[in-house]
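Structure, as structure tokens:
The values are calculated or read from the model by the stated rules, or taken from the named source; none is laboratory data. Quantities reported herein were computed from a predicted structural model and do not represent experimental measurements. Here Cβ is always computed from backbone atoms with ideal geometry, including for glycine, and neighbour counts include all displayed protein chains.
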Amino acid sequence: MGENALEGGKVVKISTDLLHDFASMNLQSFIDELKQNPAIDDLNLFASGATGGVSPNGSYAQVLPANTEKGQLVSAKKLQGDFQTLATLVDDAVQNLYQAAVQMQSDLKLVSMVLTDASDEADLTAAEMQEDLANVDVDGAGGGSAGGAGAVGTGPVGGPEATGGGKADGGKPAPTGP
């Protein structure tokens, strides 16, 4: 059996694959067990007081220490009511657990998807940043090493060189008249 990594002081890496797999496999099997467990079905039937089924006496409306309908055991009616109340409380807790597990599964899948998308976007952003850094004019000579779009000082796109105005001789304004 595996050792608890947190107790051992080890590093635990939570990856997007781990989140998705936990939601899809582990949590799904827990949800399926809650939906398909016959004991939970019986609990629900006792809580609702349903009749028929496979209870020991054929009715989930009766816990039979004696015949409550004919009054042979006065405490039997109280026992039935108390058991139904208990079954209702436990059934409500199980239903809440089920709903929380379904919500957790949905949330974990969403977090996994968001983190995967963010990771993909970060990779793209890093590539774009690398291109931008390659185009930076660090020596003032104009234009970057790649000379691509977005480079500093590289041409007439809307700049002074494009309109003929501005600085004609390396920093001094061009003459404007006679």
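Within the bounds of the stretch 84-100, is there any residue that is among the aromatic types (Phe, Trp, Tyr), under 27 Å from Ala118 (Cβ atoms), modelled with pLDDT of 80 or more and within 22 Å of the chain's Cα centre (by Cα)?
Taking every residue of the stretch 84-100 in turn, none turns out to be among the aromatic types (Phe, Trp, Tyr), under 27 Å from Ala118 (Cβ atoms), modelled with pLDDT of 80 or more and within 22 Å of the chain's Cα centre (by Cα).
For Thr88, which of the numbered conditions (1) of a type in the set (Ser, Thr, Tyr); (2) surrounded by 14 or more Cβ atoms within 10 Å (Cβ to Cβ); (3) more than 30 Å from Ala47 (Cα to Cα) fails to hold?
All conditions pass for Thr88, except number (3).
Mind listing just one residue for me: the one in the stretch 20-36 that is modelled with pLDDT of 90 or more and either among the acidic types (Asp, Glu) or loosely packed, with under 12 Cβ neighbours inside 10 Å (or both) and, of those, farthest from Thr116 (Cα to Cα)?
Here the answer is Gln36.
Are any residues in the stretch 107-132 of a type in the set (Gly, Ala, Ser) and either in contact (Cβ under 8 Å) with a residue 24 or more places away in the chain or not in a helix (DSSP H, G or I) (or both), and if so, which ones?
Ser112, Ser119 - these are the residues of the stretch 107-132 that are of a type in the set (Gly, Ala, Ser) and either in contact (Cβ under 8 Å) with a residue 24 or more places away in the chain or not in a helix (DSSP H, G or I) (or both).
Being loosely packed, with under 11 Cβ neighbours inside 10 Å and among the aliphatic types (A, V, I, L, M) narrows it down to one of Val111, Val138, Val102, so name that one.
Checking each option against the conditions leaves just Val138.
Taking Ala39, is it assigned to a helix (DSSP H, G or I), farther than 30 Å from Asp120 by Cβ and either more than 38 Å from the chain's Cα centre (by Cα) or at pLDDT below 85 (or both)?
Answer is no for this residue.
So the check is Cβ under 9 Å with 6+ separation or different chains; which pairs have a first residue in the stretch 74-90 that's of a type in the set (Phe, Trp, Tyr) and a second one that's modelled with pLDDT of 80 or more?
Cβ pairs passing all conditions: Phe83/Phe46.
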